[in-house]
């Protein structure tokens with residue numbers, strides 16, 4: 001986790017949570033948040049529908065786990081931050097949900113993301129929509 005030590009949720013097995021968080025961040029896809037109380041990652045899919053299906057899969061598991069993310073979605077990209085609010089800090093639920101997200105994204109054909117490692121700030125880095133919102137040029141001649 002690039003030399004930063006997570007701040008753990010009270011009552012957690014810090015050794016186990018730290019080890020599992022390190023295995024997630026060592027891939028370069030997940031990053032420890034700037035406040036060190038959570039994990040965050042960006043996901044990139046081929047279509048808006050795939051991104052929405054991913055969010056629905058995650059939302060269903062959230063209901064089972066009684067744990068919710070901080071997330072944003074713009075077109076085919078979703079950014080997720082897992083942190084536990086009460087008691088505050090990184091918890092085993094955050095680890096479970098991060099692993100679930102990886103598996104769900106793989107099932108839905110996640111695309112490689114060039115900006116996946118630009119995380120780790122207190123505030124989420126805004127996602128950009130790409131070319132999905134550009135008007136089509138109807139004046140092209142064939």
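Below are the figures for this structure:
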{"item": "Subset of the stretch 7-37 [at positive phi and in a strand (DSSP E or B)]", "result": "none"}
{"item": "Matching residues in the stretch 80-94 - criterion: being in a strand (DSSP E or B), surrounded by fewer than 18 Cβ atoms within 10 Å (Cβ to Cβ) and touching a residue at least 60 places away in the same chain (Cβ under 8 Å)", "result": "88"}
{"item": "Only one of 63, 49 that is farther than 26 Å from residue 18 by Cα, out of contact with any strand residue (DSSP E or B) (no Cβ under 8 Å at 6 or more places or on another chain), free of Cβ contacts under 8 Å to residues at least 60 places away in the same chain and not in a strand (DSSP E or B)", "result": "49"}
{"item": "Residue match in the stretch 100-112 (condition: modelled with pLDDT of 95 or more, within 23 Å of residue 4 (Cβ to Cβ), assigned to a loop (DSSP other than H, G, I, E, B) and within 15 Å of the chain's Cα centre (by Cα))", "result": "no"}
{"item": "Qualifying residue in the stretch 19-28 (condition: out of contact with any helix residue (DSSP H, G or I) (no Cβ under 9 Å at 6 or more places or on another chain) and over 24 Å from residue 109 (Cβ atoms))", "result": "yes"}
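The values are calculated or read from the model by the stated rules, or taken from the named source; none is laboratory data. Computed from a predicted structure; not experimentally measured. Cβ coordinates were reconstructed from backbone atoms using ideal geometry, including for glycine residues, and neighbour counts include every protein chain displayed.
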